[in-house]
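Derivation of every value follows stated rules applied to the coordinates shown; laboratory data play no part. Since the model is a prediction, treat every value here as computed from it, not as a measurement. Backbone-built Cβ (ideal geometry, glycine too); neighbour counts: all protein chains shown.
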Amino acid sequence: MKTFKSLLAIVAFSAVSVVLPVQGANHWTPALKKSLSEAQEQCATYLRLDSATVARYIREGYPCEDQVRKLVRCTLLNLNVWDDEIGVKTHAIVNFFTPIQSDTCYQSRTDNCLRENVDPLPIVQVEQRAYQAFQCYYRYYGNVVEEPQYIPNSLETRREFFRDAVTIANIPRPIVEQFSTGKLIDEEHFRDVLYVHCIRAGYYDPKYGFNLKHVATEFNVTDILSEKVEQCQRQVREQCYEEPQRMWQTFKQCHDHQEAGYQIAQLAAKEYLEDTKPLIGEARGTGFVAGFKSSPFPKLNFCYNGQC
């Protein structure tokens, strides 16, 4: 496998089990899962639309009305499958629709629809563009998936997760300064940050490994959804027993897309340094002050939390 190029600031590990469940097993605790109907219901509340009105919209196939366009755009934004500038996030929206197995033209039909009905619209017509994009998938791609699907994190949330991981892993400030200059790949501390970050963001579960569907949805790397990658991950997990080394080796050996992640990590490190100030007398992240001896806690006549 190639060495890193596009995901890195976002993946993690920790487990002991060697028996590996199938990738699709329902054991994940992602950052957020939501169904299209749940997102739509939330948006109906935001827009003060009652259930009878929404039911009519659905019954009539989402007619081209002002409030319907507002509802559709809100729903797509809620699922993070739409961006007013770049348009529909095709790699993410497809999780919410499933074509009939015998339909072999669903993709080309949808692409033609987007090209004819969305591309010609001025970028400022955000509601109309979002509405037309939704209609292309709703009418031509497949049936709506009722089950909740993984919601990709925004770029801001990814950076926030990384900054939190730096804090949780208690990384010394000089090391974060190295991160901010792009010195990431072979930095031992970066492995620890990545471990925390990926678990927190829902890309990695210490017990089951990487959730490839979450990673593919988050970073638009659908070629990661292959038997070759799954087999590589199984082999590494069978050889490595300790975390975060197991996560790290799986990432290095099996994942080819890391460059975008490195850029996120570098930017997040810069923001971390800008937003925080070094502690006076900072002990390089250990939190231990040499020569300090704590006073014994006095005994009380009552107990809290079993500490008597």
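Measuring r between the beta carbons of GLU227 and GLU116 and using R0 = 35 Å, the FRET efficiency lands at 0.45. Charge tally around TYR272: other residues with Cβ under 12 Å, Lys/Arg +1 each, Asp/Glu -1 each, net -1.
Rounded to the nearest 20 debye, the dipole magnitude of the stretch 112-269 is 40 debye, with +1 charges on Lys and Arg beta carbons, -1 on Asp and Glu beta carbons, and the Cα centre as origin. Placing a pseudo-label 7 Å from each Cα along the Cα-to-Cβ vector at LEU47 and THR181 gives an inter-label distance of 5.1 nm. Length gained on full extension, GLN67 to ILE168: 32.0 nm, using 0.36 nm per residue less the C-alpha separation. Distance from the Cα centre of the stretch 147-196 to that of the stretch 74-91, in angstrom? The stretch 147-196 and the stretch 74-91 have Cα centres separated by 25 Å. Note: relative contact order over the stretch 155-274, using C-alpha pairs below 8 Å and six or more positions apart, is 38 percent.
Rounded to the nearest 20 debye, the dipole size of the stretch 81-194 about its Cα centre is 100 debye, using +1 on the Cβ of Lys and Arg and -1 on the Cβ of Asp and Glu. With both labels modelled 7 Å from their Cα along Cα-to-Cβ, the ASP103 to LYS33 distance reads 2.4 nm. When peptides 130-141, 189-200, 163-174 are sorted by average Cβ neighbour count within 10 Å, with the highest value leading, the order is 189-200, 130-141, 163-174.
Near the amide H of GLY202, within less than 5 Å, lie the amide hydrogens of ALA31, all on another chain or at least 5 residues away, with H placed in the peptide plane. Checking the cross-link pairs LYS34/LYS270; LYS34/LYS207; LYS34/LYS252; LYS33/LYS207; LYS207/LYS252 against a 29 Å limit on the alpha carbon distance flags LYS34/LYS270; LYS34/LYS252 as lying beyond it.
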